[in-house]
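Input: a single structure, listed below in structure tokens.
The values are calculated or read from the model by the stated rules, or taken from the named source; none is laboratory data. This structure is a prediction, so every number in the text was calculated from the model and none was measured. Cβ atoms come from the backbone with ideal geometry, glycine included; neighbour counts cover every protein chain shown. These accessible areas exclude ligands, DNA and RNA; they are computed on the full protein's heavy atoms, side chains included. Shrake-Rupley method; radii C 1.70, N 1.55, O 1.52, S 1.80 Å.
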Amino acid sequence: MNIKACIFDLDGVIVDTAVYHYKAWKRLANQMGFDFTEHQNEQLKGVSRMASLDLILGWGNITNKTEAEKLELAAQKNEWYTEMIGQMTPAEILPGAREFVQTCRDAGLKTAIGSASKNTPTILNKLELTHLFDAIIDGNSVSIPKPDPEVFLKGAEALGVAPAACVVFEDAIAGIEAAINGDMKTVGIGSPETLTKANIVVSGLDKMSLTILAEL
């Protein structure tokens, strides 16, 4: 097998924290006097915190916030979100995720997390998964959001593996594009209709195997 390393996005691949983001953003929107739907929340997948806030303010027709006020709002949202993820348990790991990462490691493949979330260390700690990854690249160590490949290229570098020998597991279009931009193979987690650029698409890591990986 030409693949030497697997790099996993966190949210939507290993665990689903979208519900906590949704609850925190909804609370913020409600506090400002408008509602925020789950459909709108889907549009925030893979989008940075400040860019998400701009979208939400736009949906609420709020145009008078200064940059300082926006930073305050984003910090408030993150405080609520952090409180919620602080209660997470290993029971919230997505089906097959722990098992597949372990299978990769048992086969001698390097493993890393490549996530935009600055809360990645907290989440991995709560899920008791930190020990399963040789490198963790998150929002604290990257400055350019996906679809720029920075997060995945830093992951490959930390693992000491050439980008072409890495496969990225992603649930967001921007993440798949980031991996492609970094000259990496891609496995989409979700819908083939949405993740059209991925080399392979499966519904979850419970559907992955070394045999499928070898086909890349």
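Candidates are the residues of the stretch 2-22 that are among the acidic types (D, E) and part of a loop (DSSP other than H, G, I, E, B); the one that is surrounded by the fewest Cβ atoms within 10 Å (Cβ to Cβ) is D16.
Within the stretch 136-173, being of a type in the set (V, I, T), touching a strand residue (DSSP E or B) at 6+ places or on another chain (Cβ under 6 Å) and open to solvent by 30 Å² or more (accessible area, probe 1.4 Å) holds for one residue alone: I136.
Scan the stretch 204-216 for residues that are open to solvent by 80 Å² or more (accessible area, probe 1.4 Å) and assigned to a loop (DSSP other than H, G, I, E, B) and jot them down. Listed by number, the list holds a single entry, E215. Residues of the stretch 28-54 that are buried (at least 16 other Cβ atoms within 10 Å of the Cβ) and not hydroxyl-bearing (S, T, Y): L28, A29, F36, Q40, N41, L44, K45, G46, V47, R49, L53. Where helices (runs of 4 or more DSSP H) sit wholly within the stretch 23-92, those with at least 2 residues that are at pLDDT 95 or above occupy 49-59, 67-85. Residues that are in contact (Cβ under 8 Å) with a residue 12 or more places away in the chain and in contact with a Gly (Cβ under 9 Å, 6 or more places away or on another chain) within the stretch 19-65 comprise A29, M32, G33, F34, F36, K45, G46, S48, R49, G60, I62, listed in sequence order.
Here V142 passes the criteria (1) out of contact with any Pro (no Cβ under 7 Å at 6 or more places or on another chain); (2) at pLDDT 95 or above except the one numbered (2).
The residue that is surrounded by the most Cβ atoms within 10 Å (Cβ to Cβ), among those in the stretch 88-111 that are β-branched (V, I, T) and farther than 12 Å from I14 by Cβ, is T103. Counting only residues that are over 23 Å from I93 (Cβ atoms) and out of contact with any helix residue (DSSP H, G or I) (no Cβ under 6 Å at 6 or more places or on another chain), the stretch 195-216 holds 5 of them. Looking across I136, I85, one residue alone is in contact (Cβ under 8 Å) with a residue 60 or more places away in the chain and under 26 Å from M50 (Cβ atoms). It is I85. On inspection, I176 does not qualify as more than 17 Å from the chain's Cα centre (by Cα) and open to solvent by less than 40 Å² (accessible area, probe 1.4 Å). Against the test of being open to solvent by 50 Å² or more (accessible area, probe 1.4 Å) and farther than 30 Å from A29 by Cα, the options E83, E128, E72 yield a single qualifying residue, E128.
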